[in-house]
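The structure appears right after this line, and notes come after that.
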Amino acid sequence: MSGLLLRLAGPLQSWGERSAFSPLRETAPFPTRSALVGMFAAAEGITRGNTAGLKKYEQIQLTVRVDRPGTLLEDYHTAGGGFPKERTAATSRGSNKDAAVITKRQYLSDAVFVVAVTAPDKLTEQLAAALQRPHWAPYLGRRSCAPDEPFLLRRHTNDPEAELLTGVPLTAPEPRDPKAETIEVQFLRERPLPHDGPAAAADVIEVNDIPVSFAPHGRAHSGRRLYRTTEPVSRLLAGPQNTLLTRLIDYAHAEEHA
């Protein structure tokens, strides 16, 4: 087993938890497994209707480090206004709405997540190659939400979870207390930590975001458990925000010179 590292950052992100259309399109407070698997599948050129193609992603384990949770933003959104009836949204009866569709859409503004993707070596290699030269471009939950660079922080690492704790620069200022050696950071894990670990206490979250099918008229998901912890991260990963981009680029390029 090995893995890769992704940094999900940008002006806006939106991680939908529900496939059904509703007047309020909510966002989860963290990247969903469904969205990340969809990102991998799109990068590899797997179409929405290819349900069998999703099977291999069941081998992947995801760990999310929440560098910055972001601010919840709600957008007033309209679609189809000002058009003739035949160009407005379709109805369940086979006609057209003849009016604008009005929804409210939620986003996370200025959020930053770092994701450790652990998988069998061959799958890690395939994903890294696809994400470096994607068939369809990755986005942060919605097509309008493009990711910042660097996006693919590491194409291969033997222990991606350990890198979250010891290697990947943290999007946070240094602690004000000069004696503080660590910073408390939130993590979301798919399996619990050992009971005797430094951050064994965890909140258990039930989510319904394992993709079974992305078919346009047959989307389906199943559930999983997430373990939310707060863990100490070395203060050496933090630093002045005006040096963050340089530190991230240096970290990403260190792999090329290893």
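In region 202-217 there is no residue that is of a type in the set (D, E, K, R), at pLDDT 90 or above and not in a strand (DSSP E or B). Within region 120-139, residues that are under 14 Å from LEU153 (Cα atoms) and of a type in the set (A, V, I, L, M) sit with their Cβ atoms under 6 Å from residues that are open to solvent by 70 Å² or more (accessible area, probe 1.4 Å) and outside any loop (DSSP other than H, G, I, E, B), at 6+ positions apart or across chains, in these pairs: ALA128/ARG155. Of all residues in region 93-114, at least one satisfies being at pLDDT 95 or above, touching a strand residue (DSSP E or B) at 6+ places or on another chain (Cβ under 9 Å) and closer than 24 Å to MET1 by Cα.
I'd like to know if region 99-108 contains one or more residues that are in a loop (DSSP other than H, G, I, E, B) and either in contact (Cβ under 8 Å) with a residue 60 or more places away in the chain or out of contact with any Pro (no Cβ under 7 Å at 6 or more places or on another chain) (or both). So far as region 99-108 goes, yes, one or more of its residues are in a loop (DSSP other than H, G, I, E, B) and either in contact (Cβ under 8 Å) with a residue 60 or more places away in the chain or out of contact with any Pro (no Cβ under 7 Å at 6 or more places or on another chain) (or both). Within the option set GLU255, GLU184, GLU174, GLU163, being among the acidic types (Asp, Glu) and assigned to a strand (DSSP E or B) holds for one residue only, GLU184. Summed over region 220-252, the residues that are more than 19 Å from the chain's Cα centre (by Cα) and among the charged types (D, E, K, R) give a count of 4.
The number of residues in region 58-80 that are farther than 30 Å from LEU237 by Cα and either surrounded by 11 or more Cβ atoms within 10 Å (Cβ to Cβ) or among the basic types (Lys, Arg) (or both) comes to 6. Taken over region 34-54, the residue count meeting the criterion of being closer than 19 Å to ALA111 by Cβ and either surrounded by fewer than 22 Cβ atoms within 10 Å (Cβ to Cβ) or touching a Phe, Trp or Tyr at 6+ places or on another chain (Cβ under 6 Å) (or both) is 2.
The values are calculated or read from the model by the stated rules, or taken from the named source; none is laboratory data. Everything numeric here is computed off the predicted structure, so don't read it as measured data. Cβ atoms come from the backbone with ideal geometry, glycine included; neighbour counts cover every protein chain shown. All accessible areas refer to the heavy atoms of the entire protein, side chains included, with ligands and DNA or RNA removed. Shrake-Rupley method; radii C 1.70, N 1.55, O 1.52, S 1.80 Å.
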